[in-house]
Amino acid sequence: MKSTWSVVIAAAVLALASGAAHAQFTNDVIKIGVLNDQSGPYSDLSGMGSVVAAQMAIDDFGGKVAGKPIQLVSADHQNKPDIGANIANRWIDVDKVDAIVDVPTSSVALAIQDITRTKDRVHLNSGAGSSDLTGKACSPTAVHWTYDTYALAHGTGTAMTNQGGDSWFFITADYAFGHALENDTAAAVKDAGGKVLGMVNAPFPNTDFSSFLLQAQASNAKVIGLANAGTDTTNAIKQAHEFGLTQGGQKLAGLLTFITDVNSLGLDTAQGLVLTDAWYWDRDEDSRAWSNRWAQKMGTANRKPTSVQAGVYSAITHYLKAIQQSGTDEAKKVVDTMKAMPVNDMFTKNGHIRADGRMVHDMYLMQVKTPAESKYPWDYFKVLRVIPGDEAFRPMDKGNCPLVQAAVK
């Protein structure tokens, strides 16, 4: 009898141990959702290119992590917070999505960050810019990967002011990202000894910038700061050239300009534009090799990826490494593991994730080449300066992130 009970007890202990091990994962699948703009002004810089980048990260990991299959879903949030929130809630509650990735449009990203914080899911943001994501809205289950408004402002804003562009007028996309970018750039301009002569809010998205450009022209500001992105930026730059603003001596600062924007504008129009970005496809052998693979997956051999799309690949790869390392998909544990691991891949070398969720890496101050300087397709940028990550991103104690404040206390 004693032997029989020993067998029963041993079996029970084994079952409990097996159950505990199984409980390290919410189900038998790691499910990742790419949520972004697939039909609007940010679809070119993010969109299906980010979905392809996400699938590449999964494929390069072998399709499984910790013995669990990895699945990918995607959806179009249409740049609307309510639509994005509805998708995220359904994904988490019904489809058991573990991580939501990309999420351009800061108003949508801030909503998703709140949902993932509340529901203990991971948010890996590549596409949104607001520095509030690692400031007052920071989350223990979120990482801001690619760029933010502080880094853009202190790259382009500081550089152009130091080069003599010491008076600014802003045309600002009227939502969270645009206002954050304007505020951060205005602060950088003032810190560099410049002044802001005025600003105007433009509806998002927008196709007609004529009245806003005329106000900027009338201000006589040396620099017109475009605190927008995507097709809003390209529309504003095209119309500025049509109105002769740059021919009259004013300079344009595309405060968030992607390589796809330059391709859309053409070098004749975009040449000389100074910008700050997180990554460039032609930076080194690793970035070129990955970009060529991405282009083949996209079915467009001559197209090259944006920093947002490269950031999606990098963020998911690091997330999967953290799951492998930690043996769980529990959101905070995985993000804590991500923070403990350096980031070394085709996106960045020796990157690291701070307590506030900011992934710190080098940024690049670049200038658009002239047509004569460009030697092959998508040879668009020359690097003016590599900005070290600790200089590029806002000091952690300046962001009012509750996680940092709690740690200090």
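The values are calculated or read from the model by the stated rules, or taken from the named source; none is laboratory data. Here the structure is a predicted model, which means the values were calculated and not measured. Here the Cβ positions follow ideal geometry from the backbone for every residue, glycine too, while neighbour counts run over all protein chains shown. Side chains are part of the model used for accessible areas, which takes the heavy atoms of the whole protein and leaves out ligands, DNA and RNA. Shrake-Rupley method; radii C 1.70, N 1.55, O 1.52, S 1.80 Å.
Given the C-alpha centroids of segment 34-52 and segment 344-391, what is the distance between them in whole angstrom? Measuring centre to centre over Cα atoms gives 21 Å. Summary of the geometry: segment 143-211 and segment 234-265, compared by the centres of their Cα atoms, lie 14 Å apart. Here residue 119 is the anchor, and the aspartates and glutamates within straight C-alpha reach of less than 16 Å, apart from those fewer than 8 places off in the same chain, are 93, 95, 98, 329, 330. Each of 290, 340, 352 was placed along the dipole of segment 288-353 (beta-carbon charges, centred on the mean Cα), and the one lying farthest toward the positive end is 290.
Expressed as a whole percent, how much of the Cα-Cα distance distribution for segment 124-265 exceeds 21 Å?
39 percent
For segment 352-381, the list of trypsin sites (Lys or Arg not before Pro) that fall in a loop by DSSP and count at most 16 other C-beta atoms within 10 angstrom reads 375. Share of carbon and sulfur in the accessible area of segment 235-368 stands at 45%, probe radius 1.4 Å. With the helix formula -39500 (n - 2.57) applied to DSSP H stretches of n ≥ 4, the chain reaches a computed 222 nm mean residue ellipticity of -13000 deg cm²/dmol.
With an 8 Å cut-off on Cα pairs and a minimum separation of 6 or more residues, tell me the relative contact order of segment 327-409 in percent.
22 percent
State whether segment 19-100 is rounded, prolate or oblate according to the following rule on the C-alpha gyration tensor (a ≥ b ≥ c being the square roots of its eigenvalues): a/c under 1.5 gives rounded; otherwise a/b larger than b/c gives prolate, and the remaining case gives oblate.
Since a/c reaches 1.5 but b/c is at least a/b, the shape of segment 19-100 is classed as oblate.
Relative contact order, whole percent, for segment 294-343 stands at 25, derived from Cα pairs under 8 Å and 6 or more residues apart. The lysines within cross-link reach of residue 190, meaning a Cα-to-Cα straight distance under 24 Å and a gap of 8 or more places when in the same chain, are 136, 222, 251, 398. Approximating the spin labels as points 7 Å out from Cα along Cα→Cβ, the residue 28-to-residue 336 distance works out to 2.9 nm.
If you roll a 1.4 Å probe over segment 37-169 with all protein chains in place, what percent of the accessible area is carbon or sulfur?
47 percent
FRET efficiency for the residue 350 to residue 197 pair, using the beta carbon distance and R₀ = 51 Å, is estimated at 0.80.
Kirkwood Rh over Cα pairs of the chain into Stokes-Einstein at 25 °C, 0.890 mPa s: D in µm²/s? Using the Kirkwood radius from Cα pairs, D works out to 112 µm²/s. Note on residue 268 and residue 166: their simple-model spin labels are 3.7 nm apart, each label 7 Å out from Cα toward Cβ.
Between 0 and 90 degrees, the angle of helix 331-340 with respect to the longest Cα principal axis of the chain falls at about 70 degrees.
Under 25 Å between C-alpha atoms is the cut-off here; go through segment 321-371 and count lysine pairs that meet it, provided they're at least eight residues apart or on different chains.
So the count works out to 7.
The residues of the chain expose, per residue, 39 Å² of accessible area to a 1.4 Å probe. Across segment 168-296, C-alpha contacts under 8 Å between residues 6 or more apart give a mean separation that, scaled by the residue count, equals a relative contact order of 23 percent.
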